[in-house]
């Protein structure tokens with residue numbers, strides 16, 4: 001997916017953006033970049049691959065040579081960013097997060113309407129920021145152009161634009177991703193993750209509304225477009241993707257996960273599914289707070305029967321090659337033998353997507369002497385690849401283990417019964433769980449309910465995107 005951080009100040013703010021962007025490294029694994037402006041040095045930019053080395057290492061020397069009181073940085077899982085653009089609106093730097101599903105169509109439209117050419121990347125594809133900039137240039141101002149681009153794009157687009165004396169920020173029109181503004185004595189910053197600016201001397205100023213556009217200078221925050229209360233923020237941010245310290249729409253990620261685990265345990269107790277196990281455990285790292293909540297509510301001791309070795313591979317979704325990712329995931333699991341051998345264990349994981357890594361984890365536990373391995377998923381079964389962001393996406397929805405099982409049982413007709421398969425009380429729901437148990441060698445399996453997930457977040461359902469579980473955004477069907 002990706003994340004970004006920007007700052008504008010009465011003093012040099014390069015180090016703020018360097019550290020603030022680095023705090024978004026959990027959101028992307030491909031490229032990191034920064035752009036700054038200084039009257040003497042002009043526009044400066046640096047972009048590096050971060051697939052084999054972190055942002056901090058790759059950008060440290062370049063950032064040390066940058067100067068400026070306005071600066072933006074980006075972690076990207078897609079295109080090199082930020083890019084520099086010149087147009088009738090002037091010279092500026094731009095970076096974005098999200099996904100453009102209709103990029104090819106928009107590219108053809110712009111060419112047919114007289115846009116002479118686009119700079120191509122080595123893959124031959126057009127940089128998404130270049131496409132966004134071309135759409136913005138169709139209108140007479142940044143605000144009008146951003147609104148036009150967001151209306152034309154099928155997908156999600158949040159962005160930052162850095163000019164010589166300002167930063168313009170726009171949250172995507174459905175508010176699927178957050179943008180939070182911070183304020184200090186010297187200026188403003190903006191961030192995907194709220195915790196990223198706390199160590200830098202900023203306090204929260206406001207969170208942008210869905211579709212809101214602002215222009216920041218060191219002295220003020222000017223609202224260019226008020227935005228809309230019709231928000232559909234991604235619920236999976238709390239379940240998995242967000243960093244534990246992050247706060248979105250006033251809801252703490254760590255707090256949500258602990259509540260979520262407690263609700264999972266309450267459901268098991270109510271339904272008579274609480275197993276007789278020695279320990280409750282989390283699949284690290286994001287499953288751990290869910291597991292702590294489950295242990296606290298169930299009264300079963302919490303333990304860590306294996307530890308992930310992270311100094312050399314800090315993120316489980318590195319590198320890009322799937323076979324190597326699976327190998328790295330296996331190599332990282334270091335057992336604590338006395339907590340595994342002859343023990344009955346219940347694990348809580350953030351989600352079950354394809355099941356590949358979970359199968360290897362379960363086999364690893366049995367190889368080290370576990371008697372039973374029970375699993376609880378901290379979210380409902382994932383039934384759809386995400387249409388709106390660059391995570392939980394698949395080349396085919398049949399890559400998802402839940403959809404594979406449904407397809408094998410009922411063919412294409414099975415999609416009509418998604419709600420039944422998600423419900424453990426139905427025959428279809430029982431079949432899904434028993435088949436996943438068989439494939440992954442689990443003693444028992446249960447999923448968090450949609451109602452439990454929403455309760456753990458604490459926001460109204462119509463403010464949340466739940467597409468990956470239900471095929472709906474919030475309570476309303478997708479068009």
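What residue, of 396, 434, is free of Cβ contacts under 8 Å to residues at least 24 places away in the same chain and farther than 29 Å from residue 232 by Cα?
Sole residue among the options that is free of Cβ contacts under 8 Å to residues at least 24 places away in the same chain and farther than 29 Å from residue 232 by Cα: 434.
For the condition surrounded by fewer than 20 Cβ atoms within 10 Å (Cβ to Cβ) and within 26 Å of residue 332 (Cα to Cα), what is the one hit in 387, 376, 354?
Result: 354 is the single residue among 387, 376, 354 that is surrounded by fewer than 20 Cβ atoms within 10 Å (Cβ to Cβ) and within 26 Å of residue 332 (Cα to Cα).
Working only within segment 443-457, note down all residues that are surrounded by 20 or more Cβ atoms within 10 Å (Cβ to Cβ) and farther than 16 Å from residue 382 by Cα.
Across segment 443-457, the qualifying residues are 456, 457.
Taking segment 329-348, which residues are at pLDDT below 95, buried (at least 17 other Cβ atoms within 10 Å of the Cβ) and either touching a strand residue (DSSP E or B) at 6+ places or on another chain (Cβ under 6 Å) or in a loop (DSSP other than H, G, I, E, B) (or both)?
332, 333, 335
State all residues of segment 276-287 that are at pLDDT 95 or above, within 17 Å of residue 335 (Cβ to Cβ) and surrounded by fewer than 21 Cβ atoms within 10 Å (Cβ to Cβ); if no residue qualifies, say none.
Matches in segment 276-287: 278, 279.
Look through 237, 224 and report the one residue that is buried (at least 19 other Cβ atoms within 10 Å of the Cβ) and either closer than 30 Å to residue 10 by Cα or touching a residue at least 12 places away in the same chain (Cβ under 8 Å) (or both).
None of the other options fit; the residue is 237.
Name the residue, out of 237, 200, that is farther than 24 Å from residue 149 by Cα, in contact with a strand residue (DSSP E or B) (Cβ under 8 Å, 6 or more places away or on another chain) and not assigned by TED's automatic domain parsing to the domain that holds residue 94.
None of the others qualify; the one that does is 237.
When the residues of segment 392-404 are narrowed to those that are in a loop (DSSP other than H, G, I, E, B) and out of contact with any strand residue (DSSP E or B) (no Cβ under 9 Å at 6 or more places or on another chain), which ends up modelled with the lowest pLDDT?
This residue is 392.
Just name the residue that is farthest from residue 10 (Cα to Cα) out of those in segment 141-178 that are in contact (Cβ under 8 Å) with a residue 60 or more places away in the chain and assigned to a helix (DSSP H, G or I).
Residue satisfying both the conditions and the ranking: 150.
Conditions first: (1) assigned to a helix (DSSP H, G or I); (2) touching a helix residue (DSSP H, G or I) at 6+ places or on another chain (Cβ under 7 Å); (3) surrounded by fewer than 19 Cβ atoms within 10 Å (Cβ to Cβ). Residue 261 passes all but one, so which condition is the exception?
(3)
From the residues in segment 245-258 that are free of Cβ contacts under 8 Å to residues at least 24 places away in the same chain and part of a helix (DSSP H, G or I), which one is surrounded by the most Cβ atoms within 10 Å (Cβ to Cβ)?
In this case the residue turns out to be 253.
From the set of residues in segment 418-428 that are without any contact (Cβ under 8 Å) to a residue 24 or more places away in the chain, in a helix (DSSP H, G or I) and in contact with a helix residue (DSSP H, G or I) (Cβ under 6 Å, 6 or more places away or on another chain), which is nearest to residue 277 (Cα to Cα)?
Filtering segment 418-428 for residues that are without any contact (Cβ under 8 Å) to a residue 24 or more places away in the chain, in a helix (DSSP H, G or I) and in contact with a helix residue (DSSP H, G or I) (Cβ under 6 Å, 6 or more places away or on another chain), the one nearest to residue 277 (Cα to Cα) comes out as 428.
Hey, can you tell me all the residues within segment 351-379 that are under 27 Å from residue 456 (Cα atoms), out of contact with any strand residue (DSSP E or B) (no Cβ under 8 Å at 6 or more places or on another chain) and not in a helix (DSSP H, G or I)?
353, 354, 355
Counting only residues that are exposed (fewer than 15 other Cβ atoms within 10 Å of the Cβ) and within 26 Å of the chain's Cα centre (by Cα), give me the strands (runs of 3 or more DSSP E) lying completely in segment 29-140 with at least 2 of them.
Qualifying strands (runs of 3 or more DSSP E): none found.
Please find, within segment 150-167, the residue that is nearest to residue 222 (Cα to Cα) out of those that are buried (at least 23 other Cβ atoms within 10 Å of the Cβ) and more than 22 Å from the chain's Cα centre (by Cα).
Filtering first and then ranking leaves 167.
Evaluate segment 293-306: report whether one residue or more is in the same structural domain as residue 466 (by TED's automatic domain parsing), within 25 Å of the chain's Cα centre (by Cα) and modelled with pLDDT of 95 or more.
yes
The values are calculated or read from the model by the stated rules, or taken from the named source; none is laboratory data. Owing to the predicted nature of the structure, the values given are computational and were not obtained by experimental measurement. Here the Cβ is made from the backbone with ideal geometry for all residues, glycine too, and neighbour counts use every protein chain on show.
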